[in-house]
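Worksheet: the structure to be examined is printed underneath.
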Amino acid sequence: MSPPSDSHGSERRRLRSTADRREHVIDSVVFYGLGQVLVLTTLWLWYVYQSPFRRGDVVLGTIVALSCLPLGIGLRRQRAAVGTVSWPKIDDVTLGIGDGYRRCLARGVLLSAIIGIAAYGAAAVGTVTTTALAPAAVALASVVAGVRVFPELVGLKRRARGRRIALYAIALAGGFYFGAPFASGVGFHSAYVLYPLLVALGVLDAIL
């Protein structure tokens, strides 16, 4: 004789499973996505905020990046986005031991590069168009492409490091043009200090 079916228990398990999946996605987006972006790109975000030229487009590109990058990271981490390479985790890395600081630096440089390309790419497109749609589309495409290649470029091997620094150099070039860090009487007073510091972070990532 078969045991009586527990329809209520099955329903509870189904609801719990759905809630767990939703909680994991939210955790990936907010903690692993937004949390890492805000913590590891603070200097870059402060510099972008100070950019005086094409300011509206720079702000638009940054808003798109800050809105979509954590979401892309969360979805990719949950393998809900297209990709064959699993998302590299950082929660098992101990700072100060082995490659802990090194991996955080690499991740911060790559995230900063994605935000910088999105912000200044939007500004570059804004110089040839009067609509906000094109700059926003460029920023979104930059984020999508950055999330797509993130697992391949966040490593410490020479090839990954070289490609990551190339993207970072593009972001720095945009920051130099639109941020005008050394132009007297333009922008904010701390830009001339922040820009060399951002360059130094890229150099450290390249040589360590």
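Checking the structure you have, find out if any residue of segment 186-203 is of a type in the set (A, V, I, L, M), loosely packed, with under 15 Cβ neighbours inside 10 Å and in contact (Cβ under 8 Å) with a residue 60 or more places away in the chain. Lay out the reasoning, then the answer.
Going through segment 186-203, the residues of a type in the set (A, V, I, L, M) turn out to be 186, 191, 193-194, 197-201, 203.
Checking which are loosely packed, with under 15 Cβ neighbours inside 10 Å leaves us with 186, 193, 197, 200, 203.
Narrowing the set further to residues that are in contact (Cβ under 8 Å) with a residue 60 or more places away in the chain leaves 186, 197.
Yes, because at least one residue in segment 186-203 is of a type in the set (A, V, I, L, M), loosely packed, with under 15 Cβ neighbours inside 10 Å and in contact (Cβ under 8 Å) with a residue 60 or more places away in the chain.
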*asked:* Please verify whether Ile117 is modelled with pLDDT of 95 or more and among the β-branched types (Val, Ile, Thr), treating the condition exactly as stated.
replied: yes
Per the list (1) open to solvent by less than 10 Å² (accessible area, probe 1.4 Å); (2) within 26 Å of Ala200 (Cα to Cα), residue check on Gly126 breaks on (2)
Here the residues within segment 82-114 that are touching a Lys or Arg at 6+ places or on another chain (Cβ under 6 Å), open to solvent by less than 30 Å² (accessible area, probe 1.4 Å) and at pLDDT below 95 are Trp87
Tell me, yes or no, whether segment 124-143 has at least one residue that is farther than 20 Å from Leu60 by Cβ and out of contact with any strand residue (DSSP E or B) (no Cβ under 9 Å at 6 or more places or on another chain). no
Expected single match for within 13 Å of the chain's Cα centre (by Cα) and crowded, with 17+ Cβ neighbours inside 10 Å among Ala141, Ala119 is Ala119
Residue pairs qualifying under the 9 Å Cβ cut-off, at least six apart or on distinct chains, with the first in segment 158-170 being closer than 15 Å to Leu105 by Cα and touching a residue at least 40 places away in the same chain (Cβ under 8 Å) and the second being of a type in the set (Ser, Thr, Tyr) and part of a helix (DSSP H, G or I), are Tyr168/Ser112
If we ask which residues in segment 153-162 are in a helix (DSSP H, G or I) and either of a type in the set (Val, Ile, Thr) or surrounded by 15 or more Cβ atoms within 10 Å (Cβ to Cβ) (or both), their number turns out to be 3
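Being among the β-branched types (Val, Ile, Thr), over 16 Å from Leu45 (Cα atoms) and in a helix (DSSP H, G or I): is that true of Val147 here?
yes
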Of the candidates Ser28, Ser51, the one satisfying the condition of being hydroxyl-bearing (Ser, Thr, Tyr) and either open to solvent by 70 Å² or more (accessible area, probe 1.4 Å) or not in a helix (DSSP H, G or I) (or both) is Ser51
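The values are calculated or read from the model by the stated rules, or taken from the named source; none is laboratory data. Being a predicted model, the structure only gives us computed values, none of them experimental. Neighbour counts are summed over all protein chains in view; Cβ atoms, including those assigned to glycine, are modelled from backbone coordinates with ideal geometry. These area figures cover heavy atoms from the full protein model, side chains too; ligands, DNA and RNA do not enter into them. Shrake-Rupley method; radii C 1.70, N 1.55, O 1.52, S 1.80 Å.
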